[in-house]
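This report refers to the structure that appears directly beneath it.
Just so it is clear, none of the values below were taken in a lab; they were calculated from the coordinates. From a predicted model like this one, the values you see are computed outputs, not experimental measurements. With ideal geometry, Cβ positions are generated from the backbone for all residues, glycine too; neighbour counts draw on all protein chains shown.
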Amino acid sequence: VKSWWKPVNNHKMAAKLGRIWVDGVNSDGCGRRDGWTTLFKFFAWNVTGYDRVFVVDMDVTFLGNPEQQLQDLARNPVGLHVEHQQGKREYVGISVHAMLLRPSQKVFAELVQKAVAGDYVPYTNGEQDVLEWYFRN
């Protein structure tokens, strides 16, 4: 998994590597050294024995039972449900602290390919960047 991670910390580095960079898009995550660990979330797409998989970060606190909301979201054919956010970006991105997804080995392979190719705008230098560029349409 660590070999999939292609962090970019600044415009100069992006240009040298032939990577996408959007001026004005900076995050505290651009200097992170542990971003590769977040790519383990991609493996949730391989859990094809289930119709949906709910992935939650360890620092998420539920103030109530999410079961009914998850059931309602699961009826929708969309492949990924996440919270949209803009933050410091010049575009609307996503937050993947909690996500409900439809497993697919094809999607898993495409996410890994996108990560390895560095085909995304670095914002957090983690899985969130890859996911928001994969699911941006």
- Item | Environment charge of residue 1, counting only residues whose C-beta is closer than 13 Å and scoring Lys/Arg +1, Asp/Glu -1 | +1
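With charges only on Cβ, +1 for K and R and -1 for D and E, what is the dipole size of the chain about its Cα centre, in debye, rounded to 20? It would help to have the intermediate numbers written out before the result.
Details: 16 positive and 15 negative charges, 110 e Å.
That gives a dipole near 540 debye.
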- Note on the structure: So, with points 7 Å from each Cα along the Cβ direction, the residue 95-residue 57 label distance in nm works out to 0.8 nm
- Once Lys and Arg are counted +1 and Asp and Glu -1 for all other residues with Cβ under 11 Å from that of residue 79, the total becomes +3
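Report the extension gain between residue 117 and residue 2 in nm, rounded to one decimal, defined as 0.36 nm multiplied by the number of residues separating them, less their alpha carbon distance.
Values: separation 115, 0.36 × 115 = 41.40 nm, distance 1.34 nm.
Length difference between fully extended and current span is 40.1 nm.
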- Label-point separation in nm, residue 73 to residue 37, each point 7 Å along Cα→Cβ: 2.4 nm
- Task: Multiply the residue gap between residue 16 and residue 135 by 0.36 nm, knock off their C-alpha separation, and tell me the result in nm, one decimal place.
- Result: 40.2 nm
- What residue among 99, 13, 58 has the largest mean-square fluctuation in a Gaussian network model of the chain, using Cα springs under 10 Å? 58
- Task: Eight or more residues apart or on different chains, and alpha-carbon atoms under 28 Å: count the Lys pairs in the chain matching that.
- Result: 20
- Message: For a test of the definition: using alpha carbon positions, the gyration tensor, and the 1.5 limit on a/c, classify region 77-137 as rounded, prolate or oblate.
- Response: oblate
- Note on the structure: The extension gain from residue 47 to residue 110, computed as 0.36 nm times the residue separation minus the Cα-Cα distance, is 21.2 nm
- Message: Please report the net charge: other residues with Cβ closer than 11 Å to the Cβ of residue 51, K and R +1, D and E -1.
- Response: +3
- Value of Rg to Rh for the chain (Rh from inverse mean 1/r over Cα pairs, i.e. Kirkwood): 0.97
- Residue-wise HN-Hα coupling along region 97-111, computed from phi with Karplus coefficients 6.51, -1.76, 1.60 (Hz; x: Gly, Pro): 5, 9, 9, 10, 10, 9, x, 6, 5, 5, 4, 4, 4, 5, 5
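At 222 nm, what helix-only mean residue ellipticity would the chain give, in deg cm²/dmol to the nearest 500, using -39500 (n - 2.57) for each DSSP H run of four or more?
The helix-only estimate for the chain comes to -7500 deg cm²/dmol at 222 nm.
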